[in-house]
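The structure under discussion appears below in the form of structure tokens.
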Amino acid sequence: MRPKKRLFIGILGLVLLLFFLIGGLVWYTSTVGLSNINYILPYLVGIIFLVFVGIVGIGIVAIVIALCFPAPRLYFKRLIRLAIEFLYPAALRIGSWFGIPKERIEASFIEVNNQLLLSQKIELQNNNLLILAPHCLQKADCPYKITVNIANCHRCGRCPINNLIKLSEKYKVSLAVVTGGTLARKIIKELKPKLVIAIACERDLTSGIQDMYPLPVLGILNERPYGPCFNTEVNLEKVESALKHFLERGNG
Ligand code: SF4
């Protein structure tokens, strides 16, 4: 498992351990009060707590197994999602206590999400796949409104949009350039893809992956040589290798 993924899994494990310790302490101290109401109550509350911790714990173990031994089918999908959804906000908080930048945790989350997706068998045809690119990939001084219609790009090649269009034509998949989450959601509603390859920064990808669930979203981080949201770049090889991965499986 690469270090980037280990970070997220490590923090999830730590959150679960803290949750178990604090929850156990609260349960233990409240048993006196609860047993005054009914002697069965402390046991009942304790069992519910243990079942919940157990379910989330199995989710984390399932993530680790899926990451270490990629298999064509991913088991315990719901438990994995529950573990991530439930523990992610706490993971960010605990990461900040240890001085781990939020961006690093988000990047690690994206890696884990991608690996889990790549280990699944997703049935796809070309028209089920959408590439969502951020507006900041377009040259800032380009006058053409490509968010309205990607065909407005004059293909001058000064920014990565031209090559993304070439990729979308080569693999016959949809491509859209969006200014934010609202437009992204609108396009997804219209096109109804079965899988999205999204290009964005750590923050937008993390929130996009979570907002779009259960729609699978593979995240590819953009590169920001001039700072955030300005003339950004993307590694096209990563986009093409994701396209090949999903389309070869779907068509094979
Ligand atoms: S390739 Fe050229 S025309 Fe197309 S969006 Fe980029 S700068 Fe504008």
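Computed over the stretch 126-251, the range of Cα coordinates on each principal axis works out to 38, 29, 25 Å, biggest value leading. Convex hull volume per residue, computed on the Cα atoms of the chain, equals 145 Å³. The slack in the chain from residue 237 to residue 53, taken as 0.36 nm per residue of separation less the alpha-carbon distance, amounts to 62.2 nm. Annotation: lysines with alpha-carbon distance below 25 angstrom to residue 139 (same-chain offsets under eight excluded): 166, 170, 172, 186, 238. When +1 charges are put on Lys and Arg Cβ atoms and -1 charges on Asp and Glu Cβ atoms, the dipole computed for the chain relative to its Cα centre reaches about 420 debye. Each label point was placed 7 Å from the Cα along the Cα-to-Cβ direction; for residue 25 and residue 4 their separation is 3.6 nm. Counting only residues at least eight positions apart within a chain, or on another chain, the aspartates and glutamates with an alpha carbon under 15 Å from that of residue 77 are 85. Placing unit charges on each Cβ (+1 for Lys and Arg, -1 for Asp and Glu) gives the stretch 7-139 a dipole about its Cα centre, and among 62, 44, 28 the Cα reaching farthest toward its positive end belongs to 62. Think of the chain as having a plus end and a minus end, set by charges on the Cβ of Lys, Arg, Asp and Glu; of 99, 150, 19, 150 sits farthest toward the positive end of this dipole.
Could you give the DSSP H helices of the chain that reach 27 angstrom or more along their long axis (alpha carbon positions) and whose average Kyte-Doolittle hydropathy is no lower than 1.0? It would help to have the intermediate numbers written out before the result.
On the way: long enough: 3-37 (49 Å, 1.39); 41-68 (40 Å, 2.82); 77-97 (29 Å, 0.52).
Passing helices, by number: 3-37, 41-68.
Measuring gaps between exposed loop sites in the chain (trypsin sites (Lys or Arg not before Pro); DSSP loop; at most 16 other Cβ atoms within 10 Å), the longest gap, sites not included, is 1-72. Mean sequence separation of contacting Cα pairs (under 8 Å, at least six apart), scaled by the length of the stretch 3-118, corresponds to a relative contact order of 41 percent.
Each Lys and Arg adds +1 at its Cβ and each Asp and Glu adds -1 at its Cβ; summed about the Cα centre, the stretch 1-145 shows a dipole of about 300 debye. With contacts taken as Cα pairs under 8 Å and at least 6 residues apart, the chain reaches a relative contact order of 20 percent. With each label modelled as a point 7 angstrom along the Cα→C-beta vector, the residue 152-residue 190 pair spans 1.2 nm.
Among bridges DSSP assigns within the chain, what percent are antiparallel (round to 5)?
Numbers: 1 of 15 bridges.
About 5 percent, rounded to the nearest 5.
The shape of the stretch 3-118 comes out oblate: with a ≥ b ≥ c from the C-alpha gyration tensor, a/c is at least 1.5 while a/b does not beat b/c.
Over all directions, what mean area does the Cα convex hull of the stretch 179-252 project, stated in square nanometres? Walk me through the intermediate numbers first.
Working: hull surface 21.4 nm².
Directional mean of the projected Cα hull area for the stretch 179-252 stands at 5.3 nm².
What range in the chain is the longest one free of chymotrypsin sites (Phe, Trp or Tyr not before Pro) that are in a loop by DSSP and have at most 13 other Cβ atoms within 10 angstrom? If you can, show how the numbers build up before the last one.
Details: sites that count: 39, 75, 98, 226, 230.
Longest site-free region, per DSSP loop and neighbour criteria: 99-225.
Built from the Cα atoms of the stretch 105-158, the convex hull projects on average onto 5.9 nm², one quarter of its surface area.
Each value in this text was obtained by applying a stated rule to the coordinates, not by laboratory testing. Since this is a predicted model, take the numbers as computed values, not measurements. In this analysis, Cβ positions are derived from the backbone assuming ideal geometry, glycine residues included, and neighbour counts consider all displayed protein chains.
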